[in-house]
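What follows draws every value from the coordinates through simple rules; no lab data is involved. The structure displayed is predicted, hence computed values, not measured ones. Note: ideal-geometry Cβ built from the backbone for every residue, glycine included; neighbour counts use all protein chains shown.
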Amino acid sequence: MTPRPSIEVAVIMRRERIDNRWQPWRWALADVVANEPAFGSEPRRLLRNDDEERWLHPGFKVELFRDDAEGYYLNVTTAAPCWFVLWRMEEQATAGDEPLARPTMVSLSYHDAGRWLDAQETVEQVPAPGHVVDWMRAFADEHYVIEPKRRKRPESFKSLQDRFGNPASVSTEKKYGGGGHE
């Protein structure tokens, strides 16, 4: 069995100061970059100043699955193909006195991003570089088959059925109720 196409990436998260007395900092996705062996396997701070911190989270494997070729097709056919990153706040790890934002999954599939959003997860996106978009496009072109559109029959031609799927009819005659008014 041949292995799935995959690439190794690292995620850079940014902690930025905001002008808000209730919440002085917020986390945001900064970038997704090619993983390097020198990055190691643990998150580490890359930058720290009065207005910003940047954290590197290495070691994410992004695989392409044939049964999700439509999700990659939807991504490459947009004006701005992108990475999707699901991240969560981790209370145990801290950036100073604040919890650390930790990415948990990275994908190129619109379907993955949609499922994560439906589950009320935090999902952000950043543009994917050209060579990754080309790689994803080649995969989608090879594996995605566009289903032909079927002509929808007008509703007036459909036979009536009850909730159990049995034939039903509509009558304008009054079956029950009081007698006629004269």
Counting only residues 5 or more places away or on other chains, whose amide H sits under 5 Å from the amide H of LEU46 once H atoms are built in the peptide plane? ARG54, TRP55, LEU56
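Starting from the Cα-Cα distance between GLU8 and SER171, subtract it from 0.36 nm times their residue separation and give me the gain in nm to one decimal.
My answer for the length gained is 52.1 nm.
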Assertion target for VAL76, VAL85, ordered by fewest C-beta neighbours within 10 angstrom first, is VAL76, VAL85
From the helices alone, meaning DSSP H stretches of at least four residues, give me the mean residue ellipticity at 222 nm for the chain, per-run term -39500 (n - 2.57), in deg cm²/dmol to the nearest 500. -5000 deg cm²/dmol
Tell me, in nm to one decimal, what length is gained between LYS149 and MET1 on full extension, where the rule is 0.36 nm per residue of separation less the Cα-Cα distance? 49.9 nm
Please list the non-local residues whose amide H lies under 5 Å from the amide H of ALA101, H modeled 1.01 Å from N, same-chain partners needing a gap of 5 or more. GLU90
Jot down the per residue volume, in cubic angstrom and as a whole number, of the convex hull over the alpha-carbon atoms of region 1-107. 144 Å³
Find, among the trypsin sites (Lys or Arg not before Pro) in region 38-90, those assigned to loop by DSSP (not H, G, I, E, B) with at most 12 other beta-carbon atoms within 10 angstrom. none
Taking the chain and dividing mean pair separation by its residue count, relative contact order in percent (alpha carbons under 8 Å, at least six apart): 19 percent
Net +/- balance of residues flanking MET1 in space, Cβ distance below 14 Å, scoring K and R +1, D and E -1: +1
For region 31-47, take each phi angle, set θ = phi - 60°, evaluate the Karplus expression 6.51 cos²θ - 1.76 cosθ + 1.60, and give the result in whole Hz per residue in order, putting x for glycine and proline. 6, 10, 10, 4, 6, 10, x, 5, 5, x, 10, 10, x, 8, 6, 9, 8
For the chain, what are the per-bin percents of Cα-Cα distances with bins 5 Å wide, up to the bin holding the maximum? 1, 7, 12, 14, 13, 10, 8, 6, 5, 4, 4, 4, 4, 3, 2, 2, 1, 0, 0, 0
Taking the Cα centre of region 6-143 as the origin and placing charges on Cβ (Lys, Arg +1; Asp, Glu -1), which of ALA113, MET89, PHE139 is farthest toward the positive end of the dipole? MET89
Collect residues whose amide H, placed 1.01 Å from N in the peptide plane, falls under 5 Å from the amide H of ASN35; neighbours closer than 5 in sequence don't count. GLU8, VAL9, ALA10
Give me the one-decimal Kirkwood hydrodynamic radius in Å for region 52-108, with the sum taken over alpha-carbon pairs. 13.6 Å
³J(HN,Hα) across region 8-15 via Karplus (A = 6.51, B = -1.76, C = 1.60, θ = phi - 60°), whole Hz, x for Gly/Pro? 9, 10, 10, 10, 10, 9, 10, 9
